[in-house]
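The block underneath contains the structure these notes are about, expressed in structure tokens.
The values are calculated or read from the model by the stated rules, or taken from the named source; none is laboratory data. For clarity, every value in this text was computed on a predicted model and none was experimentally measured. Neighbour counts run over all protein chains shown; Cβ positions are idealised from the backbone, glycine included.
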Amino acid sequence: MFSFRLYDVFDLTDSRFEQLLDFFRKYEGAADALTFFTTSTHAPIPLEAAKERVAVLKLRMQEARRRGFRAGINVMTTLGHHNEHLPHSLAGPYTRMTGIEGDVCQGSFCPNDERMREYVRELYRLVALAEPEYIWLDDDIRLANHRPVGQGCFCDTCLERFGVRTCATYTREQLKRQFNEGPEADKLAIRRQWLQHNRDTLNRLLQLIEQTVHEIRPDMPIGFMSGDRFYEGYDFPGMERTLSDNGETAVMWRPGGGFYWDERPAELTAKSHAIGRQVSLLPDRVTDIQSEIENFPYQRIRKSDRLTAVEAACHIAAGCTGAAYNVLSLTGGEPYDDEYGPLLRQLQKNRPFYDLLVGKLGRSKPAGLHTGWNMDSFAVQRLSGNWFEGYIGHITGHHALELFELGLPPAYSESAAVVSLLAGESVRAMSDKQIEQLLQNGVYMDGQALEQLCAMGYGEEVGFRVESSVREDCIEQFTDHPLNGAAAGRKRNCRQSFWNVPAAHLVQTQPGAAALSRIVNYANEEVSLCGSGIFENKLGGRIAVAGYYPWTMLHNQAKSIQLRRLMRWLSKDRLPAYIASFHKCNLWVREMADGRYGIVLLNSSMDQADDLALNIKTTSDRIRITDMQCSDTIVSASSSNGGYSSFLIPPVGNWDVRFIELV
């Protein structure tokens, strides 16, 4: 489903609202549904204000349905987002969201406070009685980033509930020490317990909402808006079970993240990967998955029509089945068509392409490289420091963004992975069984992950150890190993004096471990015989260790050649498809209902992609390429090698998308 989320509808005059509906009718197909916010501010509103607003929204929804749209309500604030419009927001003896230092957010509230739970019960009763076709919960149902509070909630009630769980008593100061001091095993244990406490807290709130809504409307679909919720324990399977009453009613999902304007278009694909992670945990029965596309705070030309349209396609490629657009401001008095007509025309024009992607790809899982994340990943965040001192890339999966820009496809589920990408301390969030399974397959890791695995007793399976770290003047030079191909002898200088990343001096510890590169300095003097290498262990697993800038500065030709060949080797040629030419592209590969691959290709460069070569694991010799206007081109294979057929793709414009399927 494709919907629009609309602020301030309750404040519009009847004639202004009629103009809004006329506007959407003019661009038929851009929207199937109109979803109305309960408020335009980010702290919970008093119940009396909520009652007045949903009474207006009830009439607005009736009129929208009369015009042919589905209509529902988005509860903008349940717990609250942060401090805003406080003099006219919820007040009273409710416990505010509290940080571990005792700081509080006046505009957000603790979900374990029984008085707040009574407020939530009455709020959702009012919303359900307004007869929406569905109810959306917004992304304030979380425990982090309620500014100025970073992570919550550490109020007395939450500490007491956690104490009951752990059979202990804690002050905030004591709990902070437990999180950050002492043996790593002890820190991991209590951090995992806190993540489970967070999961239980949110599920308890969602159960209250589900029961309240379904007592009034047993068949009411409830939608949940998510993000990359690592601190909350990423329990989307549990949340879906709760909201659906164990599958008895339909649940909708709206995965999201931040990409509000297009000054940094690479944030678009980063958001797609975050959305892919969120969707990967949902059961197949969840079929209405609308990506959040948000151009907040609605500075009209700060994000282009084209990139807004491309964003919807990329999020479908990552696993969504629709989109929820939050792109319009209704506060001005100008004609809607003057400001937003071009955007709606763009979305209307591309709607057949979105429908094609959804129809072909369904709920299939993207296959390729998995970043090693799981629901406990946040437990190992800064394991040797302050737990809450900002996110680290290997926790969120951001460490692999440049690899994906080389046209190497992501997998968001372990079950769809052909290679695992291990960074930092991420392995500490995994069980021994998970690690042993990974080491039987293909693994690409950095030096820190190697050190962790060796310390955990897996040195024999990984083939290398880190001798030392070198922090200045290091340059990588590729050896003449066959995997380097034409890149043999070439150098890669990532300039440690500007972007300081320690280089790992690796030592082979097992027979058969081979160097892919060595480390030299600016005088061409050898610093290390091995800066990266490969090894095949006795379990049959293939290991690659990258000690020199493993995740960044990958966009030169020599490194791209090496990495594409390396990923094929690690996967034992199970990599489903990849870009074989020197282009900056993102690729999502999914198996369609008929067993064939469906591929979504994004040219992630500001340059047009000419002479782009796509290698697909297939014996077929023809593909169909569909552009965003649903024009088709049939292309025959130019060559084949090792079970892969190579296809030359006709020119793809900058930041443009193609859908590719085997004929």
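Which condition breaks for Val213 when tested against (1) closer than 25 Å to Arg96 by Cβ; (2) crowded, with 17+ Cβ neighbours inside 10 Å; (3) among the hydrophobic types (A, V, I, L, M, F, W, C)?
Evaluating Val213 over (1) closer than 25 Å to Arg96 by Cβ; (2) crowded, with 17+ Cβ neighbours inside 10 Å; (3) among the hydrophobic types (A, V, I, L, M, F, W, C) leaves (1) as the failure.
Looking at Phe224, Phe162, Phe154, which one is assigned to a strand (DSSP E or B) and either modelled with pLDDT under 95 or crowded, with 16+ Cβ neighbours inside 10 Å (or both)? Outline the logic, then answer.
On the way: Phe162 fails: assigned to a strand (DSSP E or B); Phe154 fails: assigned to a strand (DSSP E or B).
After ruling out the rest, the residue left standing is Phe224.
Working only within the stretch 394-420, note down all residues that are under 19 Å from Thr552 (Cβ atoms) and touching a Pro at 6+ places or on another chain (Cβ under 9 Å).
If the condition is that a residue be under 19 Å from Thr552 (Cβ atoms) and touching a Pro at 6+ places or on another chain (Cβ under 9 Å), then Gly397, His399, Ala400, Leu403, Phe404, Pro410 are the ones that fit.
Quick one: is Ser431 in contact with a strand residue (DSSP E or B) (Cβ under 8 Å, 6 or more places away or on another chain) and either closer than 21 Å to Val462 by Cβ or small (Gly, Ala, Ser) (or both)?
Working: in contact with a strand residue (DSSP E or B) (Cβ under 8 Å, 6 or more places away or on another chain): no; either closer than 21 Å to Val462 by Cβ or small (Gly, Ala, Ser) (or both): yes.
Against the criterion (in contact with a strand residue (DSSP E or B) (Cβ under 8 Å, 6 or more places away or on another chain) and either closer than 21 Å to Val462 by Cβ or small (Gly, Ala, Ser) (or both)), Ser431 does not qualify.
Picking from Ser620, Ser604, which residue would you name as being in contact (Cβ under 8 Å) with a residue 40 or more places away in the chain and either among the acidic types (Asp, Glu) or buried (at least 20 other Cβ atoms within 10 Å of the Cβ) (or both)?
On the way: Ser620 fails: either among the acidic types (Asp, Glu) or buried (at least 20 other Cβ atoms within 10 Å of the Cβ) (or both).
Every option except Ser604 fails the conditions.
Anything in the stretch 165-183 that is more than 28 Å from the chain's Cα centre (by Cα), farther than 30 Å from His214 by Cα and either outside the structural domain of Arg117 (by TED's automatic domain parsing) or in a helix (DSSP H, G or I) (or both)? List them, or say none.
If we filter the stretch 165-183 for residues that are more than 28 Å from the chain's Cα centre (by Cα), which is where we start, we get 165-178, 181-183.
Now narrow it down to the ones that are farther than 30 Å from His214 by Cα: 166-178, 181-183.
Thr166, Arg172, Glu173, Gln174, Leu175, Lys176, Arg177, Gln178 - these are the residues of the stretch 165-183 that are more than 28 Å from the chain's Cα centre (by Cα), farther than 30 Å from His214 by Cα and either outside the structural domain of Arg117 (by TED's automatic domain parsing) or in a helix (DSSP H, G or I) (or both).
Out of the stretch 368-383, which residues are assigned to a loop (DSSP other than H, G, I, E, B) and either among the hydroxyl-bearing types (Ser, Thr, Tyr) or outside the structural domain of Met445 (by TED's automatic domain parsing) (or both)? Spell out how you get there, then give the answer.
Here is the first cut: in the stretch 368-383, the residues assigned to a loop (DSSP other than H, G, I, E, B) are 371-376, 381-383.
The answer is Thr371, and nothing else.
Do you know which of the residues in the stretch 98-124 that are in contact with a helix residue (DSSP H, G or I) (Cβ under 9 Å, 6 or more places away or on another chain), in a loop (DSSP other than H, G, I, E, B) and charged (D, E, K, R) is nearest to Ala50 (Cα to Cα)?
Asp113
Give the stretch 125-151 a look and list any residue that's assigned to a strand (DSSP E or B) and either at pLDDT 95 or above or more than 19 Å from the chain's Cα centre (by Cα) (or both), or say none.
Initial filter on the stretch 125-151 (assigned to a strand (DSSP E or B)): 135-137, 144-146, 149-151.
Correct list: Ile135, Trp136, Leu137, Ala144, His146, Val149, Gly150, Gln151.
Does Leu86 satisfy the criteria of being touching a residue at least 12 places away in the same chain (Cβ under 8 Å), farther than 22 Å from Leu159 by Cβ and touching a helix residue (DSSP H, G or I) at 6+ places or on another chain (Cβ under 9 Å)?
Details: touching a residue at least 12 places away in the same chain (Cβ under 8 Å): yes; farther than 22 Å from Leu159 by Cβ: yes; touching a helix residue (DSSP H, G or I) at 6+ places or on another chain (Cβ under 9 Å): no.
For Leu86, the condition - touching a residue at least 12 places away in the same chain (Cβ under 8 Å), farther than 22 Å from Leu159 by Cβ and touching a helix residue (DSSP H, G or I) at 6+ places or on another chain (Cβ under 9 Å) - is not met.
Can you tell which of Ala189, Ala250 is under 26 Å from Leu383 (Cβ atoms) and among the small types (Gly, Ala, Ser)?
On the way: Ala250 fails: under 26 Å from Leu383 (Cβ atoms).
Going through Ala189, Ala250 in turn, the sole match is Ala189.
Could you tell me whether any residue of the stretch 476-493 is farther than 28 Å from Asp573 by Cα, at pLDDT 95 or above and surrounded by 18 or more Cβ atoms within 10 Å (Cβ to Cβ)? Break it down stepwise before answering.
Initial filter on the stretch 476-493 (farther than 28 Å from Asp573 by Cα): 493.
Narrowing further to those that are at pLDDT 95 or above: 493.
Restricting the remaining residues to those that are surrounded by 18 or more Cβ atoms within 10 Å (Cβ to Cβ) gives none.
No, the stretch 476-493 has no match at all.
Confirm whether Arg67 is on the phi < 0 side of the Ramachandran plot, out of contact with any Ser or Thr (no Cβ under 8 Å at 6 or more places or on another chain), of a type outside the set (Asp, Glu) and assigned by TED's automatic domain parsing to the domain that holds Leu20. Don't jump to the end; show me each part of the working.
On the way: on the phi < 0 side of the Ramachandran plot: yes; out of contact with any Ser or Thr (no Cβ under 8 Å at 6 or more places or on another chain): yes; of a type outside the set (Asp, Glu): yes; assigned by TED's automatic domain parsing to the domain that holds Leu20: yes.
For Arg67, the condition - on the phi < 0 side of the Ramachandran plot, out of contact with any Ser or Thr (no Cβ under 8 Å at 6 or more places or on another chain), of a type outside the set (Asp, Glu) and assigned by TED's automatic domain parsing to the domain that holds Leu20 - is met.
When you go through Ser3, Ser15, Ser40 one by one, which is the residue that is of a type in the set (S, T, N, Q) and without any contact (Cβ under 8 Å) to a residue 24 or more places away in the chain?
Numbers: Ser3 fails: without any contact (Cβ under 8 Å) to a residue 24 or more places away in the chain; Ser40 fails: without any contact (Cβ under 8 Å) to a residue 24 or more places away in the chain.
Only one candidate passes the filter, namely Ser15.
Somewhere in the stretch 262-277, is a residue in a loop (DSSP other than H, G, I, E, B), of a type in the set (Ser, Thr, Tyr) and in the same structural domain as Asn326 (by TED's automatic domain parsing)? Quick ask: steps written out before the conclusion?
First pass over the stretch 262-277, keeping only residues in a loop (DSSP other than H, G, I, E, B): 262-265.
If we keep only those that are of a type in the set (Ser, Thr, Tyr) as well, we get none.
Scanning the stretch 262-277 turns up no residue that is in a loop (DSSP other than H, G, I, E, B), of a type in the set (Ser, Thr, Tyr) and in the same structural domain as Asn326 (by TED's automatic domain parsing).
Based on what the data block shows, is Thr35 at pLDDT 95 or above and within 30 Å of the chain's Cα centre (by Cα)? Outline the logic, then answer.
On the way: at pLDDT 95 or above: yes; within 30 Å of the chain's Cα centre (by Cα): yes.
For Thr35, the condition - at pLDDT 95 or above and within 30 Å of the chain's Cα centre (by Cα) - is met.
If you go through the stretch 41-57 one residue at a time, do you hit one that is touching a Phe, Trp or Tyr at 6+ places or on another chain (Cβ under 6 Å), modelled with pLDDT of 95 or more and among the charged types (D, E, K, R)? Give the steps one after another, and end with the answer.
Narrowing the stretch 41-57 to residues touching a Phe, Trp or Tyr at 6+ places or on another chain (Cβ under 6 Å): 53, 56-57.
Then keep just the ones that are modelled with pLDDT of 95 or more; that gives 53, 56-57.
So of that shortlist, the ones also among the charged types (D, E, K, R) come out as 53.
Yes; the residues of the stretch 41-57 include at least one that is touching a Phe, Trp or Tyr at 6+ places or on another chain (Cβ under 6 Å), modelled with pLDDT of 95 or more and among the charged types (D, E, K, R).
Among the residues of the stretch 437-483, write down those that are of a type outside the set (A, V, I, L, M, F, W, C), farther than 30 Å from Ala523 by Cα, in a helix (DSSP H, G or I) and free of Cβ contacts under 8 Å to residues at least 12 places away in the same chain.
Gln437
Considering the stretch 208-243 alone, what residues qualify as being in contact with a Pro (Cβ under 9 Å, 6 or more places away or on another chain) and of a type in the set (Gly, Ala, Ser)?
The answer is Ser226, Gly227.
Kindly indicate whether Thr552 is among the hydroxyl-bearing types (Ser, Thr, Tyr), within 25 Å of Leu401 (Cβ to Cβ) and not assigned by TED's automatic domain parsing to the domain that holds Asp262. Show your work before the answer.
On the way: among the hydroxyl-bearing types (Ser, Thr, Tyr): yes; within 25 Å of Leu401 (Cβ to Cβ): yes; not assigned by TED's automatic domain parsing to the domain that holds Asp262: yes.
When the stated conditions are applied, Thr552 passes them.
Being part of a loop (DSSP other than H, G, I, E, B) and among the basic types (Lys, Arg) is the requirement here; does Arg590 meet it?
Answer is no for this residue.
If the Cβ limit is 6 Å and pairs must be 6+ apart or interchain, which residue in the stretch 315-343 that is touching a residue at least 24 places away in the same chain (Cβ under 8 Å) and surrounded by fewer than 24 Cβ atoms within 10 Å (Cβ to Cβ) pairs with which residue that is of a type in the set (Ser, Thr, Tyr) and in a helix (DSSP H, G or I)?
From residues that are touching a residue at least 24 places away in the same chain (Cβ under 8 Å) and surrounded by fewer than 24 Cβ atoms within 10 Å (Cβ to Cβ), the pairs are Leu328/Tyr340.
For a quick check of your reading of the model, give me the residue pairs whose first member lies in the stretch 555-569 and is at negative phi, whose second is buried (at least 23 other Cβ atoms within 10 Å of the Cβ) and of a type in the set (Ser, Thr, Tyr), with beta-carbon atoms closer than 6 Å and at least 6 apart or on different chains.
Arg564/Tyr578
Could you list, in sequence order, all residues of the stretch 290-312 that are of a type in the set (Gly, Ala, Ser) and within 18 Å of Pro342 (Cα to Cα)? Steps first, answer last, please.
Our first condition is that a residue be of a type in the set (Gly, Ala, Ser); within the stretch 290-312, this holds for 291, 304, 309, 312.
Correct list: Ser304, Ala309, Ala312.
So Asp355 fits all but one of (1) touching a Phe, Trp or Tyr at 6+ places or on another chain (Cβ under 8 Å); (2) at pLDDT 95 or above; what number is the exception?
Single failed check for Asp355: (1).
Failed condition for Gln193, given (1) at pLDDT below 95; (2) more than 29 Å from Ala43 (Cβ to Cβ), with all others met?
Condition (1) is where Gln193 drops out.
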